[in-house]
Every structure is written in C-alpha cells, then in structure tokens.
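**Q** Submitted below is the structure of interest, expressed as structure tokens.
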Amino acid sequence: MPTTAGSVPPQTDPKLQPKRSRDWAWPYWPAVPLYPYGQRRTLCQEVLKGRIWTFDQLQGILYVIIPVRMTIIKLAAGGLLVYAPVAPTRECIRMVKDLVSEHGEIKYIILPTASGIEHKVFTGPFAKRFPKAQVFVSPSQWTFPVQIPLSWLGLSSYQTQVLPANSAEAPFADEFDYAILGPIDLRLGPFEEVAFFHKRSRTLLVTDSVVSIPVNPPKILQLDPYPMLFHAKDNVFDVVKDTPATQRKGWQRMAIFAFYFQPSSLKVVGTKQTFQEACQAPNRSKKDYFGLFPVQWNPDWKTSFDAFRQGGSPIVAPILQKLIFNRQPETVLAWVDQVAQWNFRRIIPCHLDSPVTATPRQFSQAFDFLRPEPVARGRWFARKRSTPVNFPEADLAFLDRVDQFLCDRNITPPAKPLAKPSSEP
Ligand SMILES: [Fe+2]
C-alpha cells in the first residue's frame, strides 16, 4: 500500500526531492500540452483502508494549477476497478502495482467522460500497462477537429467496449451503479460524464460535474510550492517568502483564477506596462517568466474566494454553469435526481478536494442554479435564474462575455430555460 490517508509520505518532502526524475517522466505531454508537461509527479492517498485509493497529479496553464485525480476501488471478489486514469508514469505504475500485488489484478478501467480531454488522453496509455483489464468508455466519444477512432487514442478494440446504457448489464453491476449525464449537445461535440456509485463504501465518483474547494493547498501542489508563491505576489515587484500563509494565499488566488478565468479582483496590466515592469522586476529568471507578470490583485480577492468556495460544499464550476449545463437543464436535473437517489456519504471528484463528505441532498443543491425559484403558496414559475445565486455577478462577467461571443457566432447553442412543469396551471 503506497501511503496512508491524510499523511504525506516521505517521498513528498520537497526539500529532499530532486527537480526532475525518470520516475516522473511523461514523454507524451505534447499531445495535451498542459503544465507540468514532461514531469508529472503522483501522490497516492488511501481514502478507505484497504478499499479505496486516489492518485493525484497536476494540470494547469501558466502556473494556474489544479489536481487531476484517478480513483482505484478494490472489488469484493479481489481485483481492482480504476476510474479516470492519470498519466502512467513509472512512479504512478509502481504505486498501482503495489496495490495489484496486494489486492489483485486491475479488472476494469473506466473512461468516464466523452469531453474531458485531460482524462481521455491518459486512458489508452494506462490501459496498455494492464492489458488484461477490460476498458469501458463513456458512450459518446468524440474528438476535435476531426473524429478519430479510439484506437488512435491507444484504446485497442480487443480491450475496449462502450459502457452499456443500462448499468445493470455491466459486469461489475453487483458492486457499482452508474448514471450517464448527457450527451449535452454543444455543437463542437457533446459533454458527457458518467458518475459511479460504489455501493459497499457508499462512495460517489464524479469527473468534472462537481468539485469542492479546499481552504489550504492540496497536498499534490505542496510538492512544488513555486506556482503558489508566484500567484501570492500582489504585483511584479512583490517578493514573497515561502510560508504556509503565502502558499495558502497563492493557492486561493489560483483557484478563483482557474475557475473564473478573470475574476473581478484581478486587473490585467497592459502589454507595454508589463514589459516595462519586467525590466525592473526583482526576479527575471525563466522560471519566473522573465519578470513578466501582467496582472495585479485587488485587496478584495479574498472576499471573492470565500464566496466562490461556499464553505467547501460541492459546487458546479462556473464554466459548466454558464456554458454547458444551462444548455439542457432538464437533462442535467434528471441525472442529478438519479444520482441523488444513491445513499452516498462521500464524493470523490476528479479535481480539487477529495474525499468530500457530502450527502445526496448537498450534491443536489449544487445544481440549484438550474432550478426555478420557489414562489408563494409553493408554486413554481418557469423563469430560470440567469446566474447562480451565490457566485458574485462581477466574477462571472468574463464568462458571460464568452457565452455571448459563442452564441452570437452560433458556435454553441444558447442557454435554455427550464421547461415549465406540466402540472403548472
Ligand atoms: Fe476534468
């Protein structure tokens, strides 16, 4: 067993670590060129003793980084099920094989998304390392700009099949139920995600649909705190020390940056000023982007983070609220109702915090932004909220502009109001 829940294993002490390692090498990074590119570290944590493990890696752009996660669950009859593989680096495979030697072969590998390229890209290479495993993929697979076969993603036809529409027909149906969200038509290609419910442990596995935002940086980010320190700077001239407080500050800014893209507390500095300031920057190393720091943070950024975090409750990412789930609210809410019937007590998403202690009701509440508002005498009216209740309008302004841009050019379909219930007079 690679490590234990809640503890940082010895190999994670950043002061004792080399900067690069063959163990972390991921040579296929140009296929999806996201940070940390060719060096991807893996952190394994045991969620439930001897039964559930998560494997965290990182993904991001320009030091805006969040965890991406694979979950492995032990099957009752021995063997393992893998949900949403991450990059099969030597380090990752070694830790997985530690589990295999103790708990049995990997029997099933699940690709639970048709749209999440950051998950799709690793499934083929991971499955190749475990050729006896059966691979099940979300039904509506697609690629852009041209449709390419699954075999080009490294998924062989002898090993791969589509998840049955009826979860009772899957070979692991006695231990897992699943519900398929979508496909949601986005014109370029559909959004689709498959939530899995592990009955014995009462654990819900989701891909991108909900996340929980931790106050403190996730452990996988702490392996290399530099990106957090970069974002802890208020401006290009700021020099920050590596302390838990600055790491937390950088992480929290990174979180709102990653989800709002341009939160209201972030001021973009002009190109001319950015280059002028870079010439006087205290750090002009390549690692510090040669002193280029084209943003300034307003003092109210913390208010923005607190509003976004929602006390750590499950939330739907703003981009999904604004650009995807509001395209087919009935489809999404039908799936939410199906998932909320399972009596789970924890959620393991593929990003951000994990595990998240949450009830089906809390999960369902994360989708309130799609629901009509209740009115007097218990009646409902069909006007859909144009924005989520609790996220600040100012922080959503950038995504609103993106939405308008895409709709004006017919690139994506517009948001659709929730249909009026048939019982409504
Ligand atoms: Fe994802």
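**Q** Of all the residues that make up region 312-365, how many are among the hydrophobic types (A, V, I, L, M, F, W, C) and under 26 Å from M254 (Cα atoms)?
**A** 15
Residue-wise test of (1) farther than 27 Å from F191 by Cβ; (2) surrounded by fewer than 24 Cβ atoms within 10 Å (Cβ to Cβ).
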| site | (1), (2) |
| --- | --- |
| Q57 | no, yes |
| P67 | no, no |
| M95 | yes, yes |
| L99 | yes, yes |
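**Q** Take region 99-123 and flag every residue that is under 19 Å from the mean Cα position of the chain (by Cα) and away from the ligand (no atom under 15 Å from the Cβ).
**A** Applying the first criterion (under 19 Å from the mean Cα position of the chain (by Cα)) to region 99-123 yields 109-123.
Passing the criteria: only I109.
**Q** Would you mind stating whether V336 is over 30 Å from C44 (Cβ atoms), touching a residue at least 60 places away in the same chain (Cβ under 8 Å) and more than 16 Å from the ligand (Cβ to nearest atom)?
**A** no
**Q** How many residues does region 287-316 hold that are buried (at least 21 other Cβ atoms within 10 Å of the Cβ) and aliphatic (A, V, I, L, M)?
**A** Of the residues in that region, 2 qualify.
**Q** I've got another one for you. Within region 79-98, track down each residue that is over 18 Å from Q159 (Cβ atoms) and either more than 16 Å from the ligand (Cβ to nearest atom) or in contact with a Leu (Cβ under 8 Å, 6 or more places away or on another chain) (or both). Step through it out loud before you land on a result.
**A** Taking region 79-98 and keeping what is over 18 Å from Q159 (Cβ atoms), we get 86-87, 89-92, 94-95, 97-98.
Passing the criteria: T89, R90, E91, C92, R94, M95, K97, D98.
**Q** Among the residues in region 297-311, are any under 30 Å from G189 (Cα atoms) and of a type in the set (A, V, I, L, M, F, W, C)?
**A** The answer is yes, given that some residue of region 297-311 is under 30 Å from G189 (Cα atoms) and of a type in the set (A, V, I, L, M, F, W, C).
**Q** Here's something else I'd like to know. Quick one: in region 190-227, of everything that is of a type in the set (V, I, T) and surrounded by 18 or more Cβ atoms within 10 Å (Cβ to Cβ), which residue is nearest to the ligand (Cβ to nearest atom)?
**A** T207
**Q** Here's a follow-up. If a residue must be modelled with pLDDT under 90 and in a helix (DSSP H, G or I), how many such residues does region 230-253 contain?
**A** Total meeting the criteria: 3.
**Q** How many residues are away from the ligand (no atom under 13 Å from the Cβ) and out of contact with any helix residue (DSSP H, G or I) (no Cβ under 6 Å at 6 or more places or on another chain) when one looks only at region 56-70?
**A** Of the residues in region 56-70, 2 are away from the ligand (no atom under 13 Å from the Cβ) and out of contact with any helix residue (DSSP H, G or I) (no Cβ under 6 Å at 6 or more places or on another chain).
**Q** Now, a different point. Please work out which one of (1) in a loop (DSSP other than H, G, I, E, B); (2) in contact (Cβ under 8 Å) with a residue 12 or more places away in the chain is the condition S285 fails and give its number.
**A** The one condition S285 does not meet is (2).
**Q** Right, here's the next one. Only residues that are more than 16 Å from the ligand (Cβ to nearest atom), buried (at least 16 other Cβ atoms within 10 Å of the Cβ) and part of a loop (DSSP other than H, G, I, E, B): list them for region 339-365, please.
**A** Start the filter on region 339-365 by keeping residues that are more than 16 Å from the ligand (Cβ to nearest atom), which leaves 339-346, 355, 357-365.
Now drop any that are not buried (at least 16 other Cβ atoms within 10 Å of the Cβ), which leaves 339-340, 342, 344, 346, 355, 358, 360, 362-365.
Hits for region 339-365 are W342, F344, P355, A358.
**Q** Does A76 satisfy the condition of being touching a residue at least 40 places away in the same chain (Cβ under 8 Å), away from the ligand (no atom under 16 Å from the Cβ) and touching a Lys or Arg at 6+ places or on another chain (Cβ under 9 Å)?
**A** Yes.
**Q** If you take the residues of region 318-338 that are outside any loop (DSSP other than H, G, I, E, B) and in contact with an Asp or Glu (Cβ under 8 Å, 6 or more places away or on another chain), which of them is farthest from R69 (Cα to Cα)? It would help to see each step written out before you state the result.
**A** Our first condition is that a residue be outside any loop (DSSP other than H, G, I, E, B); within region 318-338, this holds for 318-323, 325-327, 329-338.
With the extra rule that they be in contact with an Asp or Glu (Cβ under 8 Å, 6 or more places away or on another chain), the set shrinks to 318, 320, 322-323, 327.
Details: P318: 20, L320: 19, K322: 24, L323: 23, R327: 27 Å.
Step by step, filter region 318-338, then rank; the result is R327.
**Q** Using beta carbons and a limit of 6 Å, which pairs, at least six apart or on different chains, have the first residue in region 231-258 and free of Cβ contacts under 8 Å to residues at least 12 places away in the same chain and the second one basic (K, R)?
**A** These pairs meet every condition: V240/K233.
The values are calculated or read from the model by the stated rules, or taken from the named source; none is laboratory data. None of these values were measured; they are calculated from a predicted model. Counting neighbours? That spans all protein chains shown, and the Cβs are built from the backbone with ideal geometry, glycine included.
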